[in-house]
Amino acid sequence: MNIHTKAVHAGDRKKQGDHIPVTTPIYTASSFVYEDIETTDKVFAQEVEGYAYARYDNPTNHALEELCTALEGGHGSLACATGMAALEMAIRTALIDRRKKVVAASALYGATMNLLTKVLEPFGIETTFVDICDVDRVAAVIAEERPGVVLMETISNPLLRVGPIDLIAAMTKESGAALIVDNTFATPMLVRPLELGANMSVHSLTKYLAGHGDVMGGLIVSDEGHYEALRTLSRTYGPTLGPFEAYLSMRGIKTFPLRMERQCRNAVEVAAFLRGHPRVAKVNFLDDREHPDASTIQRLLPSGLFGAMISFEIAGAGREEVFVFMNRLQMIVKATSLGDVHSMILYPAMSSHRDLAPKQRERLGIRDSLVRLSVGIEDAADICEDLEQAL
Ligand SMILES: *Cc1c(COP(=O)(O)O)cnc(C)c1O
């Protein structure tokens, strides 16, 4: 089935007594009972399928999880309160029976960097960072460090590099490590990491999947080998997504493929506009034939879909000039987050990469003239017009 069809059908319309609700209701119950205590006992023992306690599972979350499993082609999913909670759950699950060592892409979402260095490292889980697009280097680091987990993002933030998930997955498997891919920027519309050999694919539901700037959530799609351990850990750890958020996410996902197609199409137009603008020094976007990862993009992404994230440098601009530009924007929302229906702009030096020293940012290629744009579903001409009058 096509992703547009799955988005509106998977997970929903489970029979309830004598009727079938067309959309899954919000189950706020914290616990569930059965006609007789013997059945309740069996559900608790996980001998028969059913719901016992909402930290373990509830029907609203279950529907969302089934939907996301269908979209990404995995064995099962776990919905979490945030993308960050999902990432931590995925890493901890993979490390249960592996060496407590992580090899991670050096270009990662800021909070993920903090998760590795400030949350996991004090508990003895160390991370070695590597340029994930440099396959030979990744092979050398895996051989040297013998990690339990390799962690990467499908499309990096904010420079939009694309690592060869398929090649990294082969190396990771060979070494006995698990590959976890943060697929938030790419979404299942562009890349399905499990089909390329990854063990777990993680999403911030907050972004493209929910897509309306009104819900926080995270999700892990797992292969068969990690699914039971993931759920067992979650039953105790309790990173559970609330049922209202699960409902909002599911409602959002029904139009996610439509929105994403439109956002991808808009982004191609906006990138072309920016490339032609005299005040723009550089545009990072996946449709660029000169993109450093052009061959990986061609191999892994469907033709014509390049995501909807763009970053660009304003010629000769420093913090002050970038602020003037951002203040002039009338429509594009100047807020952190991405993937919403409305276009959003963010200044990495102020937000996601604020904690880094200017020299460190420079080394990563994140200059003070760089801004990041999440292209929304508005009319592309209106987005370009807003940029034009502000540049
Ligand atoms: C937003 C984001 C996260 C974290 O998700 P939250 O829902 O904010 O916790 C992780 N990775 C990427 C790539 C993100 O964009």
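Numbers below:
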| quantity | calculated |
| --- | --- |
| Proximal lysines relative to Lys6, as straight alpha-carbon distance under 29 Å, when same-chain residues fewer than 8 apart are discounted | Lys14, Lys15, Lys207, Lys254 |
| Ellipsoid semi-axes in whole angstrom, largest first, where each is sqrt(5λ) of the Cα gyration tensor of the chain | 36, 26, 18 |
| Loop sites in the stretch 260-292: GluC sites (Glu not before Pro), DSSP, at most 11 other Cβ within 10 Å | Glu290 |
| Accessible surface, per residue, of the stretch 1-115 when the full set of protein chains is kept, probe 1.4 Å, Å² | 49 Å² |
| Spherically averaged projected area of the stretch 256-390 from its Cα convex hull (nm²) | 8.2 nm² |
| Modelled FRET efficiency - R0 22 Å, Arg137 with Glu362, Cβ distances, 0.05 increments | 0.60 |
| Reachable aspartates and glutamates, given that their alpha-carbon falls under 16 Å from the alpha-carbon of Lys100 and they are not under 8 places away in the same chain | Glu88, Glu121, Glu126, Glu144, Glu145 |
| Alpha-carbon centroids, the stretch 47-86 and the stretch 140-188: separation in whole Å | 24 Å |
| The chain - mean residue ellipticity at 222 nm from DSSP helices (-39,500 (n - 2.57) per run, n ≥ 4, rounded to 500) | -11500 deg cm²/dmol |
| Share of carbon and sulfur in the accessible heavy-atom surface of the chain [1.4 Å probe, %] | 52 percent |
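The values are calculated or read from the model by the stated rules, or taken from the named source; none is laboratory data. Note that the structure is a prediction, hence the values are computed from the model and not measured. A quick note on method: Cβ atoms are made from the backbone with ideal geometry, for glycine too, and the neighbour counts reach across all protein chains shown. For accessibility, only protein heavy atoms count, side chains too; no ligands or nucleic acids. Shrake-Rupley method; radii C 1.70, N 1.55, O 1.52, S 1.80 Å.
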